[in-house]
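*Asks:* Got a structure for you, written out below as structure tokens; questions coming shortly.
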Amino acid sequence: MKKVQILAWAMLVALTSSCNFTEEITLQEDGSGKLSINFDGSELMEMAGEEMKKSNEKPMDSIISFKDMLEEKKDSIAQLSPEEQAKLKKLEPFKMRMVMNPDEKLMKFDLFSEFKNVNEVNDAFNAFQGANVLGSQQQGAPPASMESSASEVNYSFGNNTFSRKATILDQELFQQQIDSLQGAEMFLSGSTYTLKYHFPKKVKSTTAEEATFSADGKTLIYEVKFLDLMKDPSLLDLEVELED
């Protein structure tokens, strides 16, 4: 199975089945850092692993560069509307690491990017969803259109203060997406979405009252139910003030 086909299958599984996501950000004092959206599908491999063994799938540990993939598909992407091209371009800063091992029942995916300013990677989760658009295409075929996002997430960091804020862009589309979750609630009920933020200084205060912290006070961890987050994107809105 080619990497792009595996990517397409993985994104479909990750976004339609029971899943656990971790959004991890490491910030430096100058505002640079790294963002990662990590999906652990090892539980799903318990179900799919035997079938993959039958097809003689070999263990894989591979990295896909979306910048390179966009370059490879530039001719077909040029056939899309300017709006669709702009949506796909949002994937450019990211890379995807895929680790799959049927024998060890291991399946992990990590969408990551380094940044000079955290707002360069705004709305990373929608980029994770958009990865399926490129991955689902056979070599040479034009990419499908990315679905419009009903909401977006923006990050900011300055003056010792970090913020994460979600905004609903299209209320009607957002309601449609909520309605579409009804058939998947049973599968998603055990899924989680966890923030894991590493700061260059100790956290002085945060609006996330239920967050926990590392022993040195520099790492914030905040977990919610994935289904609740899909119904209310503002659930993970927070502001963090660091010590001077």
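The values are calculated or read from the model by the stated rules, or taken from the named source; none is laboratory data. Here the structure is a predicted model, which is why all the values come from computation and not from measurement. Here the Cβ positions follow ideal geometry from the backbone for every residue, glycine too, while neighbour counts run over all protein chains shown. The protein model used for the area step is the full one, side chains on, heavy atoms only, and it has no ligands, DNA or RNA in it. Shrake-Rupley method; radii C 1.70, N 1.55, O 1.52, S 1.80 Å.
*Asks:* If you take the residues of region 65-113 that are hydroxyl-bearing (Ser, Thr, Tyr) and not in a loop (DSSP other than H, G, I, E, B), which of them is modelled with the highest pLDDT?
*Replies:* SER113
*Asks:* TYR193 fails exactly one of the following numbered conditions: (1) of a type outside the set (A, V, I, L, M); (2) surrounded by 13 or more Cβ atoms within 10 Å (Cβ to Cβ); (3) outside any strand (DSSP E or B). What is the number of that condition?
*Replies:* Among (1) of a type outside the set (A, V, I, L, M); (2) surrounded by 13 or more Cβ atoms within 10 Å (Cβ to Cβ); (3) outside any strand (DSSP E or B), the lone unmet condition for TYR193 is (3).
*Asks:* OK, next. When you scan region 96-113, how many residues do you find that are of a type in the set (Asp, Glu) and closer than 26 Å to LYS34 by Cα? Give the steps one after another, and end with the answer.
*Replies:* If we filter region 96-113 for residues that are of a type in the set (Asp, Glu), which is where we start, we get 103-104, 110.
This time we only want the ones that are closer than 26 Å to LYS34 by Cα, so: 110.
Counting residues in region 96-113 that are of a type in the set (Asp, Glu) and closer than 26 Å to LYS34 by Cα gives 1.
*Asks:* Which number in (1) closer than 24 Å to GLU120 by Cα; (2) touching a residue at least 12 places away in the same chain (Cβ under 8 Å) marks the one condition that ASN159 misses?
*Replies:* (2)
*Asks:* Can I ask one more? Of the numbered conditions (1) of a type outside the set (Val, Ile, Thr); (2) closer than 22 Å to GLN28 by Cα; (3) surrounded by fewer than 18 Cβ atoms within 10 Å (Cβ to Cβ), ARG97 satisfies every one except a single condition; which is it?
*Replies:* Of (1) of a type outside the set (Val, Ile, Thr); (2) closer than 22 Å to GLN28 by Cα; (3) surrounded by fewer than 18 Cβ atoms within 10 Å (Cβ to Cβ), only one is false for ARG97: (2).
*Asks:* Working only within region 188-207, note down all residues that are at pLDDT 95 or above and over 18 Å from the mean Cα position of the chain (by Cα).
*Replies:* PHE199, PRO200, LYS201, LYS202, VAL203, LYS204, SER205, THR206, THR207
*Asks:* Right, another one. When the residues of region 100-112 are narrowed to those that are in contact with a strand residue (DSSP E or B) (Cβ under 8 Å, 6 or more places away or on another chain) and more than 20 Å from TYR193 (Cβ to Cβ), which ends up most open to solvent (accessible area, probe 1.4 Å)?
*Replies:* Checked region 100-112; the qualifying residue most open to solvent (accessible area, probe 1.4 Å) is LEU106.
*Asks:* Residue by residue through region 155-186, note down the ones that are open to solvent by 50 Å² or more (accessible area, probe 1.4 Å), farther than 30 Å from LYS201 by Cα and either acidic (Asp, Glu) or in contact with a strand residue (DSSP E or B) (Cβ under 8 Å, 6 or more places away or on another chain) (or both).
*Replies:* Hits for region 155-186 are ILE168, LEU169, ASP170, GLU172, ASP179, GLU185.
*Asks:* What pairs can you find where one residue is in region 177-188 and aromatic (Phe, Trp, Tyr), the other is surrounded by 10 or more Cβ atoms within 10 Å (Cβ to Cβ), and their Cβ atoms are less than 6 Å apart, with a gap of 6+ or different chains?
*Replies:* The qualifying pairs are PHE187/SER17; PHE187/SER18.
*Asks:* Out of the residues in region 196-210 that are among the β-branched types (Val, Ile, Thr) and open to solvent by 30 Å² or more (accessible area, probe 1.4 Å), state the one that is nearest to GLU243 (Cα to Cα).
*Replies:* Selected residue: THR206.
*Asks:* Name the single residue that is modelled with the lowest pLDDT among those in region 114-160 being charged (D, E, K, R), more than 21 Å from GLN171 (Cβ to Cβ) and not in a loop (DSSP other than H, G, I, E, B). Show your work before the answer.
*Replies:* Start the filter on region 114-160 by keeping residues that are charged (D, E, K, R), which leaves 114, 116, 120, 123, 147, 152.
Pick out the ones that are also more than 21 Å from GLN171 (Cβ to Cβ) and you get 114, 116, 120.
With the extra rule that they be not in a loop (DSSP other than H, G, I, E, B), the set shrinks to 114, 120.
Numbers: GLU114: 93, GLU120: 85.
Here the residue is GLU120.
*Asks:* Ok, one more. Return yes when PHE213 is surrounded by fewer than 18 Cβ atoms within 10 Å (Cβ to Cβ), at pLDDT 95 or above, of a type in the set (Phe, Trp, Tyr) and farther than 20 Å from ILE168 by Cα and no when it is not. Even if it seems obvious, please write down each step before you answer.
*Replies:* Details: surrounded by fewer than 18 Cβ atoms within 10 Å (Cβ to Cβ): yes; at pLDDT 95 or above: yes; of a type in the set (Phe, Trp, Tyr): yes; farther than 20 Å from ILE168 by Cα: yes.
Yes: the conditions hold for PHE213.
*Asks:* Could you please give the count of residues in region 68-88 that are within 19 Å of SER149 (Cβ to Cβ) and open to solvent by less than 90 Å² (accessible area, probe 1.4 Å)?
*Replies:* Total meeting the criteria: 9.
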